[in-house]
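> Here it is: the structure, laid out below.
The values are calculated or read from the model by the stated rules, or taken from the named source; none is laboratory data. Small disclaimer: the values here were computed from a predicted structure and weren't measured. When we count neighbours, we look across all protein chains shown, and the Cβ atoms used for this are built from the backbone with ideal geometry, even at glycine.
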Amino acid sequence: MKYGEKEILEFDINKDENFWPNQHDKTYIIDIELPEFMAKCPRSGYPDFATIKIQYSPKKLVVELKALKLYINSFMNREVSHENSINEIFDVLYAKLEPKWLKVIGDFKPRGNVHTVIEIDSAKM
């Protein structure tokens, strides 16, 4: 196993070291795009590809970007639906960051003539 595969396999996003103190009191938005998301379809095993967009306004914590990259890459060998993957990403970040506001969008590449976009916005909950 190569070092990158091992790092992804053993990665745990929930460790406190993956979240840093927000040093600013003002309200601002962090906008992150991860264009190489991949997970496996739980029914067929075929790969599903997406661009994940994360926007949030931090309160006390921000996510470390390498940690976020490793977390997103950890989906590549998992069998998980579009809906469940985006809900998991939202739930993990919302629980750990406790942000003022969070939005996660999964824009999945078309497969079989179907294009899926999943959006979860804490302002609409």
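The rows are residues; the columns are (1) aromatic (Phe, Trp, Tyr); (2) at pLDDT 95 or above.
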residue	(1), (2)
Pro21	no, yes
Met38	no, yes
Glu64	no, yes
His82	no, yes
Phe90	yes, yes
Leu93	no, yes
Glu98	no, yes
Ile105	no, yes
Met125	no, no
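> Also, I was wondering about something else. Being polar (S, T, N, Q), closer than 22 Å to Glu10 by Cα and in contact with a strand residue (DSSP E or B) (Cβ under 9 Å, 6 or more places away or on another chain) is the filter here; which residues of segment 40-80 pass it?
Passing the criteria: Asn73, Asn77.
> Considering only residues of segment 96-120 that are under 20 Å from Ile30 (Cα atoms) and without any contact (Cβ under 8 Å) to a residue 40 or more places away in the chain, which is farthest from the chain's Cα centre (by Cα)?
Glu98
> Would it be correct to say that Ile8 is free of Cβ contacts under 8 Å to residues at least 40 places away in the same chain and part of a helix (DSSP H, G or I)?
For Ile8, the condition - free of Cβ contacts under 8 Å to residues at least 40 places away in the same chain and part of a helix (DSSP H, G or I) - is not met.
> Would you point out the residue of segment 106-125, among those that are among the hydrophobic types (A, V, I, L, M, F, W, C) and assigned to a strand (DSSP E or B), that is surrounded by the fewest Cβ atoms within 10 Å (Cβ to Cβ)?
Val114
> Still on this model: What's the number of the condition Lys103 fails, among (1) farther than 26 Å from Asn22 by Cα; (2) of a type in the set (Lys, Arg); (3) buried (at least 16 other Cβ atoms within 10 Å of the Cβ)?
Every listed condition holds for Lys103 apart from (1).
> Which of the residues that make up segment 1-19 are surrounded by 10 or more Cβ atoms within 10 Å (Cβ to Cβ), over 18 Å from Phe90 (Cα atoms) and of a type in the set (Lys, Arg)?
Lys6
> Ok, one more. Could you please find all residues in segment 69-95 being without any contact (Cβ under 8 Å) to a residue 40 or more places away in the chain and of a type in the set (A, V, I, L, M)?
Ile72, Ile86, Ile89, Leu93, Ala95
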